[in-house]
1. How do 46-53, 59-66, 25-32 rank on mean C-beta neighbours within 10 Å, highest first?
2. Take the chain, drop everything but the C-alpha atoms, weight them equally and run the Debye formula without solvent; then report log10 I(q)/I(0) at 0.23 Å⁻¹ to two decimals.
3. In vacuo Debye scattering of region 43-87, one point per C-alpha: log10 I(q)/I(0) at q = 0.21, 0.28, 0.30 Å⁻¹?
4. Looking at the chain, what % of its DSSP beta bridges pair antiparallel, to the nearest 5?
5. Packing-wise, with mean Cβ within 10 Å as the measure, how do 11-17, 34-40, 1-7 rank, highest first?
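Values in this text are rule-based calculations from the coordinates and carry no lab data. All of these numbers come straight from a predicted model, not from anything done at the bench. Note that each Cβ is placed from the backbone with ideal geometry, even for glycine, and that neighbours are counted across all protein chains shown.
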């Protein structure tokens, strides 16, 4: 899949994650999180896995995490990517 336009998914509530995506020439992942020091590597790994599953190789992915679990990260990434394809 290709990120075609700006899109977002999620909320800023506790235990959720807000995901913003937009087109870019390379894959860039920016993470802001209340648990960044403890879990940045796990959050980044989960985002990368979901992007690989969706076959996304380019785009700017910005996330603002509030302690989301893996299933929420997966769902929000997928939703944002699919919304970006709706134009």
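1. Values: 46-53: 16.8, 59-66: 20.2, 25-32: 11.8.
Sorting 46-53, 59-66, 25-32 by mean packing, highest first, produces 59-66, 46-53, 25-32.
2. Taken in order of the listed q values, log10 I(q)/I(0) reads -1.08.
3. These q points yield log10 I(q)/I(0) values of -0.67, -1.17, -1.31.
4. Details: 10 of 17 bridges.
About 60 percent, rounded to the nearest 5.
5. For the peptides 11-17, 34-40, 1-7, the packing ranking is 1-7, 11-17, 34-40.
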